[in-house]
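Some notes on the structure that comes next.
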Amino acid sequence: MSNTTPSSRLSGFHKLSPEERLQQTADFAQLDADTQAHLRNMGNIDPQLADRLIENVIGTMNIPLGIATSMKVDGQDHIIPMATEESSVVAAVSNAARQCYDHQGFITSMSGTHMIAQIQLVQSPNPHDSRLRILERKEEIRQLCNECDPILVKMGGGFHDLQVRVLQTEGGPMVITHLIVDTKDAMGANAVNTMAETLAPHLEQWTGGKVYLRILSNLADQRLARARAVWPCAAIGGAAVRDGIIAAYQFAAADPYRAATHNKGIMNGISAVVLATGNDTRAVEAGAHAYAARHGHYGSLTQWEITSEGDLAGSIEIPMAVGLVGGATKLHPTARACLQILHVQTAERLARIIAAVGLAQNFSALKALATTGIQKGHMSLHAQNIAMMAGALGEEIATVADRLVALGKVRVDIALEELKKLRS
Ligand code: MEV
């Protein structure tokens, strides 16, 4: 680092307005006027709202919002808003949905809308005795939890169940309490965290132990969304394609290196809808990957098999902690618009549709991988990006991109050459 590097100790930065923070950022990073003007454009989100959603705001980051078509979920047609920066994701969902549309589309279900909050109790003199002492107070715990959120209780939610384990750890036994709470249309993080924090001093008093952590678990395995669909063998290009998809799944099921990529593809679809609806992408992703490792090895979130008619059946089961109320879901105008587009009235319906999107995404990825490969589909959009990177503008973009694809060389150096030729 040179001596001239300015200090990152921007004291009082959080107290400034977004414009003032942008000025300081521009000074620190020596941003030119064009870059500053770009950051000043807050797009379709009110700067004041952006400034309230997170800390130290200087701008917003726009991500394309696309619509996947042809989705039929439990007999109802839906179009799906998806926010993603990755090409081919929206097309993949639409294509998969189209190929099973006339064969019922997707059938979905849900295990419930229960979230888990964990309370970690250490230094209990006799952990097994403590465990029973906590379990004995289930009704008192129910009351304490429900008093934290009367509105949730009025909506039919609230405390549902209690689980207590003695967990052997490097630091000795810990008594881990799970509060299982029906959070209905809320994602529920705030509700269950408040309950866990409220209960903590009582657990200490009942057991003589000490509580440290009081926080929800993102392994939301009491909130599983499920989706299944059948793709007729003839509609997907025949038995070789079907068998290729099944072999791709078997590879993922057996090998964590492949499973990580397989599940990443599924999350391409899922996270795009989770983001578009203002939900917490990281919570859903953490839950998905933890669930994929529930058998002690990391595996596939989907299953693929042959039906007795010789068609291709796919299924997915995945924790889906999403809500319709609270946080950015209600505050962000784009999230509100996306929920309107989806036409969902409950968090459960949203979760089920998102599971179907994940399955659709996986179908298209495996089909492409098992046949022509993934690059062909990616190429034309990718070529356009490369053309833009080379400086192509307006109609030049498509012309240069077409040439790159025709040449089979989607590279910036070739794009620069082609652009030069075009302009001369
Ligand atoms: C790319 O973003 C996603 C894929 O790699 C998924 C997969 O391999 O199944 C195509």
Suppose we filter the range 282-331 for residues that are exposed (fewer than 15 other Cβ atoms within 10 Å of the Cβ) and of a type in the set (S, T, Y); how many remain? 2
Kindly indicate whether any position in the range 254-276 is open to solvent by less than 50 Å² (accessible area, probe 1.4 Å), touching a helix residue (DSSP H, G or I) at 6+ places or on another chain (Cβ under 7 Å), of a type outside the set (A, V, I, L, M, F, W, C) and within 23 Å of I116 (Cα to Cα). yes
With the condition kept exactly as written, say whether any residue in the range 274-286 is under 18 Å from N95 (Cα atoms) and touching a residue at least 40 places away in the same chain (Cβ under 8 Å). no
Six or more apart or on different chains, Cβ atoms under 9 Å: show the pairs whose first residue is in the range 359-380 and more than 30 Å from A225 (Cα to Cα) and whose second is within 10 Å of the ligand (Cβ to nearest atom) and of a type outside the set (A, V, I, L, M, F, W, C). S380/S87
Of the candidates A259, A288, A272, the one satisfying the condition of being under 25 Å from C233 (Cα atoms) and within 16 Å of the ligand (Cβ to nearest atom) is A259
Could we say that I245 is in the same structural domain as A328 (by TED's automatic domain parsing), touching a helix residue (DSSP H, G or I) at 6+ places or on another chain (Cβ under 8 Å), within 19 Å of L366 (Cβ to Cβ) and open to solvent by less than 20 Å² (accessible area, probe 1.4 Å) here? yes
Just for the range 362-397: of the residues that are out of contact with any Gly (no Cβ under 9 Å at 6 or more places or on another chain), open to solvent by less than 50 Å² (accessible area, probe 1.4 Å) and small (G, A, S), which one is modelled with the lowest pLDDT? G373
Which numbered condition Q76 misses (of (1) in contact (Cβ under 8 Å) with a residue 12 or more places away in the chain; (2) open to solvent by 30 Å² or more (accessible area, probe 1.4 Å); (3) closer than 18 Å to R352 by Cα): (1)
Could you check, for the range 295-306, whether at least one of its residues is away from the ligand (no atom under 16 Å from the Cβ) and within 23 Å of Y101 (Cα to Cα)? yes
Take the residues in the range 330-365 that are touching a strand residue (DSSP E or B) at 6+ places or on another chain (Cβ under 9 Å) and assigned to a loop (DSSP other than H, G, I, E, B), then tell me which one is nearest to S300 (Cα to Cα). V344
For the range 39-91, the count of residues that are closer than 20 Å to D280 by Cβ, among the β-branched types (V, I, T) and either outside any helix (DSSP H, G or I) or away from the ligand (no atom under 16 Å from the Cβ) (or both) equals 7
Of all residues in the range 183-206, which are buried (at least 19 other Cβ atoms within 10 Å of the Cβ) and touching a strand residue (DSSP E or B) at 6+ places or on another chain (Cβ under 6 Å)? T183, D185, A186, G188, A189, V192, M195, A196, A200, L203
Just wondering, is there one or more residues in the range 59-67 that are touching a Pro at 6+ places or on another chain (Cβ under 7 Å) and open to solvent by 30 Å² or more (accessible area, probe 1.4 Å)? yes
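The values are calculated or read from the model by the stated rules, or taken from the named source; none is laboratory data. Remember, predicted model here, so these are calculated numbers, not experimental data. FYI the Cβ positions are ideal-geometry reconstructions off the backbone, even for glycines, and counts take in every protein chain you see. Remember, those area values only see protein heavy atoms, side chains included, never the ligands or the DNA or RNA. Shrake-Rupley method; radii C 1.70, N 1.55, O 1.52, S 1.80 Å.
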